[in-house]
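Inspection log for the structure reproduced underneath, given as structure tokens.
No lab work stands behind these numbers, since they all come straight from the coordinates. Every value quoted in this text rests on a predicted model; they were computed, and no experiment measured them. Cβ coordinates were reconstructed from backbone atoms using ideal geometry, including for glycine residues, and neighbour counts include every protein chain displayed.
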Amino acid sequence: MTRTIAILEGSLRKASLSRVVARAAAGLSPAGLEFIVLPNPGTLPHYDQDVMAAGVPAAVEAMARPLSRADALLIVTPEYNWSIPGALKNAIDWLSRLSPNPLEGKPAAIWSVSPGLLGGARAHGPIRHVLHSQDMRVMAKPEVQIGAAREKIDIVSGTISDETSRSFLTAHLTRFRDFIAASV
Ligand code: FNR
């Protein structure tokens, strides 16, 4: 049975290292998974309860619809100031206020990417914390932190040039596929 993973990106910028990784996931996947990249968090307005009261913005619906149909969520993101990038948190805030909530109960995994050596490791805890607030089942291990990313990712061709990273991501997706099957 094929499972669908919705990918939520944490970076808004065009030359994003983490976006290259997000877009590479489908090509690195084992059989039995398909991927949809959700609209970028930069498409959403700032969360505002007054805006919400006037009606859910179309951009939020456009993110929520494919996520609702997906079996799982994969967040691929940089670390900002040892934590979750604001636009990513904003997206989760919007999604969490919908009824039904498309995040609730879904299996999830986190991939972080950084030019620094720690690979965005410090963002995992804060992101996991937020996802747990939505009763999401977050796969804890193995953790994916791609450090020294400028040496491993070719922005011009949009590819991961580092073979070790590529095979680790394939192994992670294989494990995530089993985790999803056990969760849904
Ligand atoms: C960063 N960056 C960063 N890197 C890191 O490893 N730990 C950190 O805490 C931060 N903090 C941080 C805050 C802000 C506001 C910015 C803009 C950047 C650097 C960051 O990892 C780098 O710019 C990445 O290339 C951003 O990811 P994308 O956009 O390339 O995917």
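Identify, please: which residue in the range 88-121 is basic (Lys, Arg) and crowded, with 16+ Cβ neighbours inside 10 Å and is, among those, nearest to Ile153 (Cα to Cα)? Spell out the reasoning first.
Within the range 88-121, the subset basic (Lys, Arg) is 89, 97, 106.
Then keep just the ones that are crowded, with 16+ Cβ neighbours inside 10 Å; that gives 89, 106.
Working: Lys89: 25, Lys106: 29 Å.
In this case the residue turns out to be Lys89.
If a residue has to be within 16 Å of the ligand (Cβ to nearest atom) and part of a helix (DSSP H, G or I) to count, how many in the range 1-42 make the cut? Working first, answer last.
The first filter runs over the range 1-42 and keeps only residues within 16 Å of the ligand (Cβ to nearest atom), leaving 7-25, 37-38, 40-42.
Imposing the further condition that a residue be part of a helix (DSSP H, G or I) reduces the set to 17-25, 41-42.
Selection size over the range 1-42: 11.
Can you confirm whether the range 135-152 contains a residue that is touching a helix residue (DSSP H, G or I) at 6+ places or on another chain (Cβ under 8 Å), more than 16 Å from the ligand (Cβ to nearest atom), of a type outside the set (Phe, Trp, Tyr) and not in a loop (DSSP other than H, G, I, E, B)?
yes
Can you tell which of Val184, Val156 is surrounded by 13 or more Cβ atoms within 10 Å (Cβ to Cβ) and farther than 27 Å from Gly86 by Cβ? Working first, answer last.
Details: Val156 fails: surrounded by 13 or more Cβ atoms within 10 Å (Cβ to Cβ).
Answer to the selection: Val184.
I'd like the full set of residues that are of a type in the set (D, E, K, R), assigned to a loop (DSSP other than H, G, I, E, B) and away from the ligand (no atom under 16 Å from the Cβ), limited to the range 46-83.
The initial filter retains those residues of the range 46-83 that are of a type in the set (D, E, K, R), namely 48, 50, 61, 65, 69, 71, 79.
If we keep only those that are assigned to a loop (DSSP other than H, G, I, E, B) too, we end up with 48, 71, 79.
The answer is Asp48, Asp71.
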